[in-house]
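Encoded as structure tokens, the structure appears first; notes follow it.
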Amino acid sequence: MNIHVYENTEEMGRQGAAQIAEKLRKAIARRGEARLLLSTGASQFETITALTKEDVDWRKVTMFHLDEYVELPESHKASFRRYLKERFVNLVPLKEAVFVNGEGDVKANITYLTERIKEQPIDVGVIGIGENGHIAFNDPPADFETEESYLIVNLDQRCKQQQVGEGWFATEDEVPRQAVSMSVRQIMSCRSIVSMVPHKVKAEAVVNTLSREITNLVPATILKTHEDWSLYLDADSASGFMKLS
């Protein structure tokens, strides 16, 4: 585990993006291609912007993402497919982008995603941590045991409150009840994991992640068991951790 703390979110994003890009370049040098897994949400804005400016041969990179709401159209501002297309996919010449689709025949969509994700390991997983300690939409108590790659999950109230707080929905009632989420085990199979976790609202989750024993009540604690996990914080999200240390 490597922890990096920066004064502001912009610098955190630049430094994190630089590490992500370097890992992608190394994967391309080894195998001629790389696989990238991206998070979404307000916490990832600066990192994704900085990543689009990095010197990477994007034509050799396939991008996956973590999750998507069930039955939410891509035209909705909260759609993660829309988020990634506007902020990343449309800005770099990727080899391919493989999206999580929560519309239509969701079970068939999950089957396709599973086939694609199992082709070979993800080189770099960019995994955020939610206010309730979730990774992807694996809210507590998260399923640490399932071997499914993607699954349909129910969103808890704290998770819905976060989506409203970030401005994606006007009220909790508007937040979809379910989402398609990458499983914890599939996330942990990434060769490297880089977590970008800025903002004061994440300070409690950071403290819980770093101070608690491994528990599915704080799903992000499982990241501490990964052999190559880097945690990037800004001064606000690190405030509780710095007091703890």
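The values are calculated or read from the model by the stated rules, or taken from the named source; none is laboratory data. Fair warning: this is a prediction, and the values are worked out from it, not measured in the lab. Cβ placement follows ideal geometry from the backbone for every residue including glycine, while neighbour counts extend to all protein chains displayed. In case anyone asks, the SASA skips ligands and DNA or RNA and just uses the protein heavy atoms, side chains included. Shrake-Rupley method; radii C 1.70, N 1.55, O 1.52, S 1.80 Å.
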Would you mind stating whether M196 is in contact (Cβ under 8 Å) with a residue 24 or more places away in the chain, touching a strand residue (DSSP E or B) at 6+ places or on another chain (Cβ under 6 Å) and of a type outside the set (K, R)? yes
Where residues in the range 171-201 are within 19 Å of V70 (Cβ to Cβ) and in a loop (DSSP other than H, G, I, E, B), which of them is farthest from the chain's Cα centre (by Cα)? T171
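Consider G128 carefully, then state whether it is in contact (Cβ under 8 Å) with a residue 60 or more places away in the chain and either out of contact with any helix residue (DSSP H, G or I) (no Cβ under 9 Å at 6 or more places or on another chain) or open to solvent by less than 10 Å² (accessible area, probe 1.4 Å) (or both).
Working: in contact (Cβ under 8 Å) with a residue 60 or more places away in the chain: yes; either out of contact with any helix residue (DSSP H, G or I) (no Cβ under 9 Å at 6 or more places or on another chain) or open to solvent by less than 10 Å² (accessible area, probe 1.4 Å) (or both): no.
For G128, the condition - in contact (Cβ under 8 Å) with a residue 60 or more places away in the chain and either out of contact with any helix residue (DSSP H, G or I) (no Cβ under 9 Å at 6 or more places or on another chain) or open to solvent by less than 10 Å² (accessible area, probe 1.4 Å) (or both) - is not met.
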Going by what's in this entry, would G16 be described as over 23 Å from S195 (Cα atoms) and either part of a strand (DSSP E or B) or open to solvent by less than 10 Å² (accessible area, probe 1.4 Å) (or both)? no
Quick one: in the range 120-134, of everything that is in a loop (DSSP other than H, G, I, E, B) and of a type in the set (G, A, S), which residue is farthest from V197 (Cα to Cα)? G133
Which of the residues spanning the range 40-81 are open to solvent by 30 Å² or more (accessible area, probe 1.4 Å) and under 13 Å from the mean Cα position of the chain (by Cα)? F45
For the structure I just gave you, tell me whether T114 is open to solvent by 30 Å² or more (accessible area, probe 1.4 Å) and either in contact with a Phe, Trp or Tyr (Cβ under 9 Å, 6 or more places away or on another chain) or on the phi > 0 side of the Ramachandran plot (or both). yes
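Here is a check on your reading of the model: is E147 within 19 Å of T209 (Cβ to Cβ), part of a loop (DSSP other than H, G, I, E, B), touching a helix residue (DSSP H, G or I) at 6+ places or on another chain (Cβ under 7 Å) and open to solvent by 30 Å² or more (accessible area, probe 1.4 Å)?
Numbers: within 19 Å of T209 (Cβ to Cβ): no; part of a loop (DSSP other than H, G, I, E, B): yes; touching a helix residue (DSSP H, G or I) at 6+ places or on another chain (Cβ under 7 Å): yes; open to solvent by 30 Å² or more (accessible area, probe 1.4 Å): yes.
Against the criterion (within 19 Å of T209 (Cβ to Cβ), part of a loop (DSSP other than H, G, I, E, B), touching a helix residue (DSSP H, G or I) at 6+ places or on another chain (Cβ under 7 Å) and open to solvent by 30 Å² or more (accessible area, probe 1.4 Å)), E147 does not qualify.
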Of I135, I187, I193, I122, which residue is in contact with a Cys (Cβ under 9 Å, 6 or more places away or on another chain), of a type in the set (A, V, I, L, M, F, W, C), buried (at least 20 other Cβ atoms within 10 Å of the Cβ) and closer than 28 Å to H4 by Cα? I122
Looking only at the range 82-108, count how many residues are open to solvent by less than 40 Å² (accessible area, probe 1.4 Å), part of a helix (DSSP H, G or I) and not hydroxyl-bearing (S, T, Y). 4
